[in-house]
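Below is one structure; the comments refer to it alone.
The values are calculated or read from the model by the stated rules, or taken from the named source; none is laboratory data. This one's a predicted model, so the numbers in the text were calculated from it and none came from an experiment. Heads up, the Cβs are rebuilt from the backbone with ideal geometry, glycines too, and the neighbour counts pull from every protein chain shown. Surface areas here come from the heavy atoms of the whole protein model, side chains and all, with no ligands, DNA or RNA. Shrake-Rupley method; radii C 1.70, N 1.55, O 1.52, S 1.80 Å.
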Amino acid sequence: MYAGEPELYNKAMSKIALVTGGNRGIGFEVCRQLAQKGFTVVLGSRDKKLGEKSAAVLSKEGLAVHSLKLDVTQTGDVKKAREWIEKKFGRLDALINNGAVLLDGDDTLLELKPGIFEITIQINLIGCYNTIREFLPMMKKQKFGRIVNVSSGYGASAMLTTKVGAYKLSKYALNGLTRIFADEANPKQIKINSICPGWVRTRMGGPDATREVKDGAKSVIWGALLDDEGPSGGFFRDGQPISW
Ligand code: NAP
């Protein structure tokens, strides 16, 4: 190993993925499924302890998972994450922008409590902007990258009707972010897509949701596994295009 060489990465090693909000729900299962596919996974969690606990569960399953404190609204955290990954692995192959909140409750936009709109946009939209800004230059340099913005059917323009307004708008704008960043990258090398996991039984989706976590995660990881011919700048569920 020469001075300055990344600690762990060499060409024979697995691809590296970062998953935000990896401590529970779909993000946790995305970490598991990517690691089962041979990725070395960095499990991002805004709560350090929760992240360590979740990563330990996957490590016990024999999977290569590292935990990292990462609140996507904190640009200091995002920068530290990039520096840590660069030092340890020297590259990032897949970024899964999964961490998000749904805080609208049953309120209309007019009834939303102060701050709910702002924090929703801050996490669900600006958080993804922060991570892409930090990691896309690295992917451009290595001429390879897969970015999945975990979106929602609620982010489709046909769903811009009353209720769940802050969340819907955050995902609608996230879809726009996907398209613009995809246009700013070489689509042969870097694939940036919005992906809906479907309605999934998690804390966010609730117990009545129609899908198991493993199926939601499978929909998401499809975007990390795309080959050179795969699409970029699209909106998908279960590998099929869906309407903006
Ligand atoms: P979840 O169970 O509520 O988990 C959300 C995750 O996001 C948690 O790990 C949470 O961390 C994390 N998070 C929240 N704020 C964050 C921040 N500032 N920085 C980093 N991480 C943060 O939700 P889920 O159902 O797994 O949803 C995962 C993704 O799928 C989201 O993007 C969601 O919008 C999308 N989605 C879900 C459904 C569904 O039916 N479940 C449907 C469509 C789309 P804490 O544990 O610290 O809170």
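Compute the Cα gyration tensor for region 158-236, then decide on rounded, prolate or oblate, letting a ≥ b ≥ c be the square roots of its eigenvalues: rounded whenever a/c is under 1.5, prolate when a/b is larger than b/c in the other cases, and oblate in all that remain.
Numbers: a/c = 3.41, a/b = 1.39, b/c = 2.45.
Because a/c hits 1.5 or more and a/b fails to exceed b/c, region 158-236 counts as oblate.
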**Report entry** Met13 accessible area, assembled protein chains, probe 1.4 Å, Å²
**Finding:** 70 Å²
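As a check on your grasp of the helix formula, calculate [θ] at 222 nm for the chain: sum -39500 (n - 2.57) over DSSP H runs of n ≥ 4, divide by the residue count, round to the nearest 500.
After summing the helix terms and dividing by residue count, I get -11500 deg cm²/dmol.
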Query raised in the report: Under a GNM of the chain (C-alpha, springs under 10 Å), which listed residue has the highest mean-square fluctuation: Ser54, Ser232, Ser151?
Result: Ser54
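How long is the gain from Lys49 to Met159 if the chain were fully straight, where each residue apart is worth 0.36 nm and the alpha carbon distance is subtracted? Before the final figure, lay out each step's value.
On the way: separation 110, 0.36 × 110 = 39.60 nm, distance 3.66 nm.
Gain in length upon complete extension: 35.9 nm.
Among rounded, prolate and oblate, which fits region 191-244 when a ≥ b ≥ c are the square roots of the eigenvalues of its C-alpha gyration tensor, a/c under 1.5 means rounded, and a/b larger than b/c means prolate? Show your work: numbers first, answer last.
Details: a/c = 3.05, a/b = 2.09, b/c = 1.46.
Since a/c reaches 1.5 and a/b is larger than b/c, the shape of region 191-244 is classed as prolate.
Could you give the size of the charge dipole of the chain about its Cα centre, using +1 on the Cβ of each K and R and -1 on the Cβ of each D and E, expressed in debye and rounded to the nearest 20?
Working: 35 positive and 26 negative charges, 105 e Å.
For the chain, the charge dipole is close to 500 debye.
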Report summary line: If N is the residue count of region 86-244, its Cα Rg over 2.2 N^0.38 Å rounds to 1.04
Report task. Work out the charge dipole of the chain with +1 on the Cβ of Lys and Arg and -1 on the Cβ of Asp and Glu about the Cα centre, then indicate which of Leu58, Ser45, Asn124 is farthest towards its positive end. Result -> Leu58
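Per residue, how much accessible area does the chain have with a 1.4 Å probe, in Å²?
Details: 11840 Å² over 244 residues.
Averaged over the residues of the chain, the accessible area is 49 Å².
Counting pairs of alpha carbon atoms under 8 Å apart in space and at least six apart in sequence, what relative contact order in percent does region 121-183 give?
Once divided by the residue count of region 121-183, the mean separation gives 39 percent.
Can you give the % of DSSP beta bridges in the chain that are antiparallel, to the nearest 5? All intermediate terms of the calculation are to be shown ahead of the outcome.
Working: 2 of 27 bridges.
Within the chain, antiparallel bridges account for around 5 percent of the total.
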Report task. Report relative contact order for region 1-155 in percent, whole number only (criteria: Cα-Cα under 8 Å, sequence separation at least 6). Result -> 24 percent
Query raised in the report: Tell me, what is the 1.4 Å probe accessible area of Leu109, in Å² to the nearest 10?
Result: 90 Å²
Report task. Holding the Cα-Cα limit at 22 Å, pick out from Lys80/Lys141; Lys53/Lys140; Lys15/Lys191; Lys141/Lys191; Lys171/Lys191; Lys191/Lys218 the pairs that are longer than that. Result -> Lys53/Lys140
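Decide, for region 38-84, between rounded, prolate and oblate: order the square roots of the alpha carbon gyration tensor eigenvalues as a ≥ b ≥ c, take rounded if a/c falls under 1.5, and otherwise choose prolate if a/b is larger than b/c, else oblate.
Oblate shape, in that a/c is at least 1.5 and b/c is the bigger or equal ratio.
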